[in-house]
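The values are calculated or read from the model by the stated rules, or taken from the named source; none is laboratory data. All values reported here derive from a predicted model rather than from experimental measurement. Reconstructed Cβ throughout: ideal geometry from the backbone, glycine too, with neighbour counts over all protein chains shown. Remember, those area values only see protein heavy atoms, side chains included, never the ligands or the DNA or RNA. Shrake-Rupley method; radii C 1.70, N 1.55, O 1.52, S 1.80 Å.
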Amino acid sequence: MNKVAGLTKQQLGFDQQHAKTLLENQSWLDAVGLSLGQERAQNAFKFFSTPQCSEQHMMVLGYPAIDSKALIRELLLSSPLVTDNVFDVVYCEDVTNARTPICLSLPQGQGVKFTRLVHSWLKRASTLVKENPDSDTKFFNDELMPLLKVFKRLPKVLTFLNDLAKQLDNGHSLSHPILVNNFVNHQADETFPIVFCDNPDSVKLFGDIAHITEQGTTVANHHLLQPGLLHQANGGVLVLPSDRLLENPQLWFELKSSLFDRQIKWTSANHWLDPQAIELKTQIILVGDALSYKGLLDLDPDIIQLFPLIAEVNHQFALDDEQDFVKYAGYIQNIARRANCADLTSDALVALMNYSSFLIEHQQRMSLDSAMFKSLIQQAQVFAQDKEKIESEHILQAIDAFNHRKNRIAQYSFEAIKDKQLLLVTDGQQVGQINALSVLDTDLDSFGEPSRVTAAVYYGDGDIGDVERKVDQAGNIHAKGVAILTSYLHQKFAMDDEIPLDANLVFEQSYQGIDGDSAAMASLLCLLSAFAQKPLNQGIAVTGAMDQFGNILAIGGVNEKIVGFYNVCKANGFDKQQGVIIPASNVPNLNLPQEIREAIESTQFSIYPVDHIEQAIGLGFSLPAGVMDESGCYPEDSLYGVIEQRIDDLNNPQPPQISLLSRLKFW
């Protein structure tokens with residue numbers, strides 16, 4: 001295997017200098033909306049807004065760190081719905097049965113006009129009736145004609161007015177002095193309504209019927225009808241959280257019934273009032289994650305029929321060319337302006353882009369966590385105070401403050417290492433011991449913490465005992481990693497005969513349980529050290545998964561792991577021999593703090609990318625892995641050769657030598 005060179009400073013993170021040069025060459029940054037990088041969602045919203053899909057509803061699969069409300073509003077306005085479905089609603093008393101108010105739909109902006117004209121008509125006709133009590137003239141019908149001309153294109157309204165005029169002329173009377181309840185109205189030039197509800201319930205969605213007490217009797221009338229969000233969003237869009245519907249299945253089935261029937265029914269109807277249902281032309285958007293969508297599918301498979309449009313929200317944006325750098329900077333600048341903060345300087349934009357790259361764990365990809373960026377920029381504004389622009393130092397101060405607020409457990413963990421309560425050796429050499437790297441996740445934070453892995457061997461038949469697994473402190477993925485490294489050992493040393501050694505593998509002082517296969521490479525190196533009785537360099541920590549053939553595979557949390565081990569080395573003291581072995585495929589994921597970059601540049605600390613376990617052997621031991629010769633043997637001065645010789649000695653023990661004196665004694 002070729003000798004592995006350590007990484008240079010330029011390979012350790014997002015190229016801030018390149019980004020700064022690109023932004024400084026821009027005389028003006030165009031504001032870029034939150035829909036940047038959301039091609040899948042844009043495609044779904046395009047279909048959602050068409051007349052052909054007006055009866056199709058949508059599920060938006062997002063995540064908490066994005067400003068989903070702002071994104072949905074932006075996507076809706078970029079592909080606006082037609083306003084033909086927006087209409088005003090009035091409830092009128094049924095003079096023949098006041099318990100069943102009549103619902104009328106009117107063109108957008110006509111509800112108030114209808115109410116005013118009907119009131120004038122009734123007042124005028126009633127005055128004529130009072131002035132001519134003995135007349136047989138049908139005043140209500142006679143005075144109706146001007147009103148009919150105004151609403152001549154609305155058949156249902158004409159029918160209602162004609163019937164009402166006949167009923168009033170025939171002696172019926174109104175139980176309430178005002179006939180019309182202007183229930184839902186819109187401005188004539190208003191766009192389609194977009195309504196958000198974070199905590200829906202039956203009353204909020206479907207409205208309510210209030211009651212009043214008159215002379216000790218509970219009564220209700222059509223003026224006590226209170227619209228719900230479905231009424232207010234009718235003809236537009238209602239956005240609901242899917243997890244709330246999962247928590248309240250009855251509410252989901254009530255909503256489902258309305259969607260299938262295309263009617264908004266009064267779920268609060270009672271023996272005092274049972275109003276007519278309203279035609280439903282609302283499109284619903286449910287916002288949640290993949291887990292809540294699966295929960296709805298399990299609850300009711302009909303969700304596929306009602307919500308055929310799925311909009312997956314992307315959480316990252318790839319910097320494929322120079323123009324993408326500029327677009328993303330405009331995206332960040334737009335978030336600052338939306339938050340009513342000062343503009344960011346080019347240095348501040350680069351600092352935030354560097355942090356964005358860290359969050360997404362990739363040097364050429366940026367995070368789209370708009371809600372988090374908004375909070376961070378607002379906090380940076382506090383440090384900037386009244387300055388015209390937010391500088392990079394303000395962004396870095398906000399990031400440091402944010403990290404400090406959530407690092408309590410990480411600090412306790414580091415103090416335990418510093419106080420030697422957790423034993424970690426970062427210098428010298430030892431047999432059967434290595435520093436593996438892990439990430440601990442809390443509710444608020446994730447941080448790297450080295451783990452001391454040890455291996456002890458004894459006579460046996462090649463079995464590798466995983467102590468964590470035996471005591472139920474390890475997960476299935478960890479068990480798979482141990483099985484893979486066991487397979488690799490058997491391929492190397494048990495092709496002709498069994499390995500006459502067993503081994504126990506232990507993650508020392510591990511009490512919270514472990515999972516994942518990122519310690520597979522470290523565990524194998526530790527076992528090889530114990531088998532060969534050759535020491536490992538304790539200043540080199542290791543992380544990486546592997547396959548059965550020794551190829552090293554990518555892992556997660558590489559930055560947190562490196563930072564965690566660097567801090568331990570810093571506390572114990574540097575000797576310029578410390579470093580970390582990582583999978584070569586994780587190099588694009590690196591985005592390390594400036595302090596570590598400078599330590600690497602000064603050769604105080606090193607990072608070694610490897611593709612194969614044998615490269616890691618060359619770094620961790622003072623001898624190479626070894627290459628098998630034509631006879632199928634490894635060189636004696638190689639690690640594999642030493643292990644091979646030990647196995648051969650155990651499988652084929654030499655008879656003890658008997659001295660001449662002993663032979664004469666028993667002759």
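Some observations on this one:
- Ranking 13, 89, 33 by Cα position along the charge dipole of the range 1-158, where only Lys, Arg, Asp and Glu carry charges on their C-beta atoms, puts 13 farthest toward the positive end.
- Near residue 90, once Lys and Arg are set to +1 and Asp and Glu to -1 for all other residues with Cβ below 12 Å from its Cβ, the sum equals +1.
- Selection from 120, 155, 202 lying farthest towards where the dipole of the range 103-219 points positive, charges on Cβ: 155
- Per-residue ellipticity at 222 nm from helix content only, as computed over the chain with -39500 (n - 2.57) for each DSSP H run of at least four residues, stands at -12500 deg cm²/dmol.
- For peptides 441-447, 129-135, sequence by mean Cβ density within 10 Å, most packed first: 441-447, 129-135
- Estimated at 0.36 nm per residue, the fully extended path between residue 128 and residue 213 surpasses their Cα-Cα distance by 27.3 nm.
- Taking amide H atoms as placed 1.01 Å from N in the peptide plane, the amide H of residue 235 lies under 5 Å from those of 281, 282, 283, each 5 or more residues away in sequence or on another chain.
- A 1.4 Å probe run over the protein chains yields, for the range 551-624, 34 Å² of accessible area per residue, whole-number rounding.
- Amide H to amide H, with H built 1.01 Å from N, residue 312 comes under 5 Å of 41, 61, counting only residues 5 or more places away or on other chains.
- Computed with a 1.4 Å probe over protein heavy atoms only, the accessible surface of the range 436-548 comes to 40 Å² per residue.
- Taking 19 Å as the straight-line reach from the Cα of residue 327, the aspartates and glutamates in range (excluding those fewer than 8 positions away in the same chain) are 15, 24, 30, 39, 67, 74, 343, 347, 369.
- Listed by chain and number, the lysines whose alpha-carbon sits under 18 Å from that of residue 534, ignoring those within fewer than 8 places in the same chain, are 492.
- Computed FRET value (nearest 0.05) for residue 322 with residue 137, which takes r as the C-beta separation and R₀ as 60 Å: 0.10
- Electrostatic dipole magnitude of the chain [Cβ: Lys, Arg +1; Asp, Glu -1; Cα centre; debye, to 20]: 1660
- Pair residue 491, residue 419: separation of 7 Å Cα→Cβ label points (nm): 4.6
- Helices meeting the span-like rule in the chain (full DSSP H runs, Cα extent of at least 27 Å along the helix axis, mean Kyte-Doolittle score of 0.5 or higher) are absent.
- Within straight-line cross-link reach of residue 265, lysines at Cα separation under 25 Å, skipping those fewer than 8 residues along the same chain: 156, 204, 256, 281
- GluC sites (Glu not before Pro) restricted to the range 386-460 and DSSP loop, no more than 11 other C-beta within 10 Å: 388
- Heavy-atom accessible surface of the chain: percent carbon and sulfur, 1.4 Å: 49
- Too-long pairs where the Cα-Cα distance tops 20 Å, listed order kept, from 69/374; 418/561; 113/166: 113/166
- Mean sequence separation of contacting Cα pairs (under 8 Å, at least six apart), scaled by the length of the range 245-314, corresponds to a relative contact order of 26 percent.
- Spatial separation of Cα centroids for the range 580-640 and the range 427-476, in angstrom: 19
- Take the Cβ atoms of residue 574 and residue 279, set R0 to 51 Å, and the FRET efficiency comes out at 0.10.
- When the charge dipole of the chain is built from unit charges on Cβ atoms (+1 for Lys and Arg, -1 for Asp and Glu) and taken about the Cα centre, the candidate among 607, 542, 220 whose Cα reaches farthest toward its positive end is 220.
- Residues with amide H under 5 Å from that of residue 431, placed H, sequence gap 5 or more: 536
- Contour minus Cα-Cα distance for residue 601 and residue 400 (0.36 nm per residue): 70.0 nm
- For the range 56-63, 3J(HN,Hα) computed residue by residue from phi via the Karplus equation (6.51, -1.76, 1.60; θ = phi - 60°) reads 9, 10, 10, 10, 9, 9, x, 7 Hz, glycine and proline entered as x.
- Calculated accessible area for the range 165-242 comes out at 45 Å² per residue, all protein chains present (probe 1.4 Å; ligands, DNA, RNA ignored).
- Residue separation of residue 203 and residue 99 scaled by 0.36 nm, minus their Cα-Cα distance, works out to 35.5 nm of gained length.
- Note on residue 262/residue 409: beta-carbon distance plugged into 1/(1 + (r/R0)^6) with R0 of 56 Å gives a FRET efficiency of 0.60.
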